[in-house]
Amino acid sequence: MIPRVIKIIEIKGFDVTVLFNNGKILTIDFYSWIVPRAAGKNIYTQLLKENIFNTIGCNGITLYWPDLAEVTLLDGTIQPAEFDLDPLMLYEFASSKKQFVA
């Protein structure tokens, strides 16, 4: 079974505790993942702002931040888009406590 994030239970700083579809409740330490990737004005730098990080949501499959990314449509129009993460990556990181690999 592919792990999916069912809901967010708690957000404490950059630690997010979630319930997965297999019944496991795990805490994800996002700070250790964001800091090495934050440079300039990229998405990760934006996530270091607590007011932006706290907009995190759950769609029943994974975690995401609304309107943090942009996509360019075929007609050239730029449109806001959510920035989401692979639920399997989240599960493996939270289960192993190893460094995030993305």
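All of the numbers you see were taken from the coordinates with simple rules; none came from a lab. What you are looking at is a predicted structure, and each value in this text was computed from that prediction instead of being measured. Because the Cβ atoms are built from the backbone with ideal geometry, glycine has one as well, and the counts that use them run over all protein chains shown.
Brief remarks follow.
- In a fully extended conformation the segment linking Lys41 and Met89 would gain 14.9 nm over its present Cα-Cα distance, using 0.36 nm per residue.
- Under 14 Å, Cβ to Cβ, from Pro3 - net charge with Lys/Arg +1 and Asp/Glu -1: +1
- The distance between label points at Lys12 and Thr77 comes to 4.4 nm (points 7 Å beyond Cα on the Cα→Cβ vector).
- Between helix 87-96 and the chain there is an angle of about 40 degrees, using the helix long axis and the longest principal axis of the Cα atoms.
- Computed from the C-alpha gyration tensor, the three semi-axes of the ellipsoid equivalent to the stretch 5-96 are 24, 16, 11 Å, from longest to shortest.
- GNM result for the chain, Cα springs below 10 Å: residue of Tyr31, Tyr64, Tyr91 fluctuating most strongly: Tyr31
- Lysine pairs within the stretch 5-96, Cα separation less than 24 Å, 8 or more sequence positions apart or different chains: 5
- Taking other C-beta atoms within 10 angstrom as a stand-in for reagent exposure, Glu82, Glu50 fall in the order Glu50, Glu82, fewest first.
- Stretching Glu70 away from Ile52 to a fully extended chain increases their span by 4.9 nm, per 0.36 nm per residue minus the current alpha-carbon distance.
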